[in-house]
Amino acid sequence: MTRAYQWLDQIVFDLFRQLRWSFLPPLLIYFAYGIQGVTSIAGTFFVKEYLDLEAAFLAGLAFWVGLPWALKMPLGHLVDLIWRWKYLLIVLGAGLMATSYSIIAALLMIPDQMAQIMPANAWYVTSALLAPCGFVLQDIVADAMSVEAVPFRRPTGEQYSVAETRAMHTTMQTLGRITLIGGFSAAASLNVWLFSGAEALPQADKGALYAHVFLLALAVPLLSLTGILVALLQRFSQRTKLQRNGLSPEEITQRLTQPRDPVELNWWYFIGGGAFVALALGAGLSDLEQAQELVFAGSMLIVLLLIRQLIKSLTPEQGRALVGTAIIIFAYRATPLNGAASSWFEIDVLGFDQQFLSVLSLIASLLTLLGMLVLRPMMANNTIAWIVTFLAITEALLSLPNIGLYYGVHEWTAAKTGGLVDARFIALVDTAVESPLGQIAMIPMLAWIARNAPSNLKATFFAVMASFTNLALSASSLGTKYLNQFFVVTREVTDESGVIVTPEDYSALGALLITVAVLKLAMPFAAVALVQLSPLRSTD
């Protein structure tokens, strides 16, 4: 019993003992980012029931939606340059998020008026692109606020030791992840409640419910703005307290303002960001069939050039380790996904309704939170190559239940267990086991940077490497699009009179699921083998 309590105390309780009120502002913004998932279920059913978009198109749209995150490099440098005014980017991000939610709500509430301006599909694409732009702005500022939230002086004015400061930064970042996942859990819980009995509603009432969800989501940008308000109130309270203690204005400034080295404008980040924007807009507005591929290749070239600049500040051994680590993480995150076709099958054939999908989302977020805590020792005591190999094998094995559901394994298990192990039971178990894995993938990279990046370039390393690994998600979206174009899956689409425009056809879904499972194993394994058999091999 004592040993179990010590384990629980070390993993869970110690994190919350180190919580400080100064951590609250960035945690509120992280929580707002997590709770925006409240629109995920409504958004999925809105696209399926109100729009005529193919799975390949949606996979291609996911590529464009992921690209704003590659702009973290110039935006991160911008935050450093306008440090005193960085909160303005939070306000701008909140405005973009609110606009995105309002568009979908309007499409559901006043579709005819919206259609007079432009088609519903075009409105949806606009909304899908605005939201991530808002999120990336807020995420960058929240990261900066998380550094500022860690106090550097005690209330007496004495500076904390290096070890104490390092521990507080670690706690701040860990709590940031926990708060983010906590937001996902809150959103999933809210969806379970909102969609209770939704499957029995007539279509008009379902549309009204979806509109209600997107109107409710307008509270998300408001919540992120409370982070600014709390930060300003905390600073005002601290300043007032120090004034009452008789400190001079100069002493108060020294107590409240963390020392920062002068920031020199580095045009390379803005040139790279400008080239990226020009490339994306040029390709996006053109009629090129391979616009997404062109933007991806150009973005990758820009990021690789900036990584080359970062490597110059490392020792040769560290530089090789960074490149090897980046290759392994990129290959793992770039594996294609099933795409929207798998969700359509679950809804149309397996009968998964809004509330059940909300329950799956809730279980995934709660177990992700638990998995991050429980699996920390594994991440601390093993190499990145070992961790990615473990994740690849596990995810490939966890693809088998979904493949089995397509081929009807649930019918056999239900018959053998008196209906207990049916399709929903298998989906619940699969989600419960798989959910913690996705969040673990990036932690080894972040840990490496925290340990090895130069002290004056850590923020730059985080921004550049985050952009690189986010491009891996864009590569994943491209791969998903190619697979959905090769294995064509269609859902039933009807016109206003009920005439079937596009018939349902899930015959190719089985081959798609098997191919994705094989790639989940093959791509990371190939990258690990390539790195570990080359001079890029690292034991870190």
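The values are calculated or read from the model by the stated rules, or taken from the named source; none is laboratory data. Keep in mind it's a predicted model, so treat the numbers as computed, not measured. Neighbour counts are summed over all protein chains in view; Cβ atoms, including those assigned to glycine, are modelled from backbone coordinates with ideal geometry. We work out accessible area using only protein heavy atoms, side chains counted, and drop any ligands, DNA or RNA first. Shrake-Rupley method; radii C 1.70, N 1.55, O 1.52, S 1.80 Å.
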Problem - Inter-probe distance in nm under a simple model that places probes 7 Å from Cα toward Cβ, at A204 and L397 - result: 5.2
Exercise for the section: Ignoring everything but the protein chains, give the 1.4 Å probe accessible area of Y33 in square angstrom, nearest 10. Expected result: 70
Practice task
Of the listed pairs K86/K520; K72/K481; K72/K520; K206/K481; K86/K241, which have alpha-carbon separations greater than 32 Å here?
Solution key: K86/K520
Completion exercise
Most packed first (mean Cβ within 10 Å per residue), the peptides 308-314, 189-195, 74-80 order as 74-80, 189-195, 308-314
Practice task
Using packing as a proxy for protection, rank 484-490, 83-89, 386-392 so that the peptide with the highest average count of other Cβ atoms within 10 Å comes first.
Solution key: 386-392, 484-490, 83-89
Practice task
Give the accessible area for F345 in Å² (nearest 10); use a 1.4 Å probe, count only protein heavy atoms, and leave out ligands, DNA and RNA.
Solution key: 20
Fill in the blank from the handout: Note on the stretch 182-230: alpha-carbon gyration tensor, axes a ≥ b ≥ c; rule is a/c under 1.5 for rounded, else prolate if a/b larger than b/c, else oblate; result oblate
Exercise for the section: Run down the lysines and flag those whose C-alpha is under 20 Å from the C-alpha of K312, throwing out any fewer than 8 positions away in its chain. Expected result: K458
Exercise for the section: Describe numerically, in nm with one decimal, the distance between label points set 7 Å from Cα along Cα→Cβ at W193 and at M109. Expected result: 2.1
Handout entry: Residue-level accessible surface for E411, protein heavy atoms, 1.4 Å, Å²
Key = 130
Exercise for the section: Calculate the spin-label point distance for F13 paired with V349, positioning each point 7 Å from the Cα along the beta-carbon direction, and give it in nanometres. Expected result: 5.0
